[in-house]
Amino acid sequence: MFKRPSFVHHLHPPTIPAREARFRYTFGLGGISIFLCAVLLITGALELFYYVPTAAEANASLQTITLLVPYGRLVRSIHFWSAQILVVTSLLHMGRVVFTGSYKPPRRFNWLLGLGLLVLVLLFDFSGYVLRWDMDIAWALLVGTNLLKSIPLIGEGFYGLVVGGSEISSPTVGRFYGWHVYALPLVTIILLGWHIFKVRRDGGISHSARNPQSKTRISRDELVNRELTALLVTSVLLLAIAALLPPHLGAKMDLRGISAEASAPWFFLWIQQLLRLGSPFTMGVLLPVAVLTILVVIPYLIDRSSDGVGEWFNRRGRAAQVVLIGVSGLVLVLTLFGVLQ
């Protein structure tokens, strides 16, 4: 009997290369990242029923969610850990794309969309931290937003747009709430939909035309079954982590009482370390923008070849691979210094 394909099935090509559909080729990182986005959307929507986006009530409302709302602690913990894991899977997915040459033509523009989504993930995570409005994020909020002021010509106006005034105050919570719940999701939905469409339009999983094994193909039904298995395993692990390691919630934010030991969230520790080495604008703005620019130009300047698509550690992509290793190594070393200090 003929079975009509579902909407999920239509997101995949009718058939895909069996070699590239194996877990050890993609590690399921793209699908897991999309799944985590869905989890964040659902758990975030549940938290909105109790969260109050004001300086006076933000921290207290999270305490209410954690301590008084049925299953509130678990929902908040799932939301928190989904956001942290999403940063990791997004970075690993970017690495997989580079090491398999999946940024090469005709997928160069999709590489840019992926980088845009990575930036949005980091902004989502940071704005989510701010909405806790506790002492753990006070230093990062103060220093991070002050970096905007260091930008020539547009710095002051940009700062006011982000924090909702000439300084961090009660309207800042509402402004970050707007960024986190409305503005960033709108941009993310557009870019993510575009990204998925481009993957589908470019033939699905990138594959090697020269490898004889890539000629063997599987149906999208089998691929969807594999993806569902991976998502089930991810769900179990996420629930276990969320139940065993609930996120910390500090005391209500007071910018006058910031500790000398305060630090940025783990994914921005590398920028915190850079700020110790030079001027805020150079180290906190120009250098991170330079790092992002280097990643942007990988398929346009560093490796413009179309050879080696779908091949792990392909020769023509060595320059791009070395660049990514260098950038990743720098960020990782600085992050470790930040953790150990």
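Just so it is clear, none of the values below were taken in a lab; they were calculated from the coordinates. What you see is a predicted model; the values in this text were computed from it and never measured. All Cβ positions, even for glycine, are placed from backbone atoms using ideal geometry, and neighbour counts span all protein chains on display.
When the convex hull of the Cα atoms of the chain is projected onto a plane and the area is averaged over all directions, what value comes out in nm²?
On the way: hull surface 77.2 nm².
Directional mean of the projected Cα hull area for the chain stands at 19.3 nm².
What is the set of long-range amide H partners of Asp134 at a cut-off below 5 Å, with H atoms built 1.01 Å from backbone N?
Long-range HN contacts for Asp134: Met253.
For region 263-341, report the % of Cα-Cα distances exceeding 21 Å. Working shown, then result.
Numbers: 1184 of 3081 pairs.
Of all Cα-Cα distances in region 263-341, 38 percent exceed 21 Å.
When the chain is treated as a GNM, springs tying every alpha-carbon pair under 10 Å, which of Leu161, Leu117, Leu231 comes out with the largest mean-square fluctuation?
Among Leu161, Leu117, Leu231, the largest GNM mean-square fluctuation belongs to Leu161.
For every other residue with a beta carbon closer than 10 angstrom to the beta carbon of Gly250, add +1 if it is Lys or Arg and -1 if Asp or Glu, then tell me the sum.
Values: positive: Arg132, Lys252; negative: Asp134, Asp136.
Here the charged neighbours net out to 0.
Would you list which aspartates and glutamates come within 17 Å of Lys104, measuring only between C-alpha atoms, while excluding same-chain residues fewer than 8 positions from it?
Glu20, Asp202, Asp303, Asp307, Glu311
Sort Tyr51, Tyr159 so the one with the fewest other Cβ atoms within 10 Å of its own Cβ comes first.
Working: Tyr51 18, Tyr159 21.
So the ranking, lowest neighbour count to highest, is Tyr51, Tyr159.
Helices from the chain with mean Kyte-Doolittle at least -1.0 and a Cα length along the axis of 27 Å or more, per DSSP H: which?
Details: long enough: 29-48 (28 Å, 2.16); 72-99 (40 Å, 0.94); 108-132 (37 Å, 1.40); 220-244 (36 Å, 1.18); 318-340 (32 Å, 2.10).
Within the chain the helices that satisfy the rule are 29-48, 72-99, 108-132, 220-244, 318-340.
For region 30-127, state the semi-axes of the equivalent ellipsoid (square roots of 5 times the eigenvalues of the alpha-carbon gyration tensor), sorted largest first and rounded to whole angstrom.
Details: eigenvalues 227, 33, 18 Å².
Semi-axis lengths for region 30-127 are 34, 13, 9 Å.
Go ahead and set up a Gaussian network model of the chain, Cα springs under 10 Å, then flag whichever of Thr54, Thr293, Thr66 fluctuates most.
Thr293
So, how do all the Cα-to-Cα distances of region 26-70 break down into 5 Å bins, in percent, from 0 on up?
For region 26-70, the binned pair fractions read 5, 21, 19, 16, 13, 10, 9, 6, 1, 0 percent.
Using a 10 angstrom cutoff on alpha carbons, build the Gaussian network for the chain and name the most mobile of Ala55, Ala21, Ala45.
Highest fluctuation of the listed residues: Ala45.
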